[in-house]
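What follows is a set of notes on a single structure, which appears directly below.
The values are calculated or read from the model by the stated rules, or taken from the named source; none is laboratory data. Only a predicted model underlies this, so the values are computations on that prediction, with no experimental measurement involved. Here the Cβ is made from the backbone with ideal geometry for all residues, glycine too, and neighbour counts use every protein chain on show.
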Amino acid sequence: MQWRQLSANEYLLVFTEPDIELIAGLTDFAAQMNIQSGRLQAIGSVSAATLAWWNADTKLVDKYNAAGQFELVSFLGNITANTESGPRIHAHAVLLTGPGGVVAGHAVSLTVRASVEVNITVFDTPVTRVLNDNFGLWIIDLSA
């Protein structure tokens, strides 16, 4: 991965090594740079993904895997801190599978195929997540 700081609160990361796991790479970068909270956006190509969606009936996150050649047409999310750990990436991805085919969901894991370009905007104020027992999800808590 290559990266450059574009301004006091903005970074550009370029992942060009195939088979790198993007979410782990972003989490490691956020920890290394001590980024407590921020916004993510990315485009690129991936060869595999684990995506998920929250099931309101079971209050669980249901995961599914996709493999092949995908264009990462949208990757939006944020960096926050859990109350129990360091930086946490929460992002959703839309992957083009070919003409007209799309898979999408919460990005659990994305494997870089050729290149993924990520822009990180760092927030001045830390944002944390807490476990919400009603939903079984880590949600942003702005009360602190």
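Worth a mention:
- Residue check for Leu76: assigned to a strand (DSSP E or B) and either at pLDDT 95 or above or surrounded by 18 or more Cβ atoms within 10 Å (Cβ to Cβ) (or both): yes
- Test: residue in the stretch 125-142 that is within 21 Å of Thr16 (Cα to Cα), in a strand (DSSP E or B) and in contact (Cβ under 8 Å) with a residue 24 or more places away in the chain: no
- Test: residue in the stretch 1-12 that is farther than 30 Å from Asn134 by Cα and of a type in the set (Gly, Ala, Ser): yes
- All positions within the stretch 111-131 that are more than 22 Å from Leu6 (Cα to Cα) and surrounded by fewer than 13 Cβ atoms within 10 Å (Cβ to Cβ): none
- Among the residues examined, Ala114 does not qualify as closer than 20 Å to Gln41 by Cβ and within 17 Å of the chain's Cα centre (by Cα).
- Some residue of the stretch 21-29 being outside any helix (DSSP H, G or I) and either touching a residue at least 12 places away in the same chain (Cβ under 8 Å) or loosely packed, with under 13 Cβ neighbours inside 10 Å (or both): yes
- Number of the exception - Gly100 against (1) modelled with pLDDT under 95; (2) buried (at least 16 other Cβ atoms within 10 Å of the Cβ); (3) among the small types (Gly, Ala, Ser): (2)
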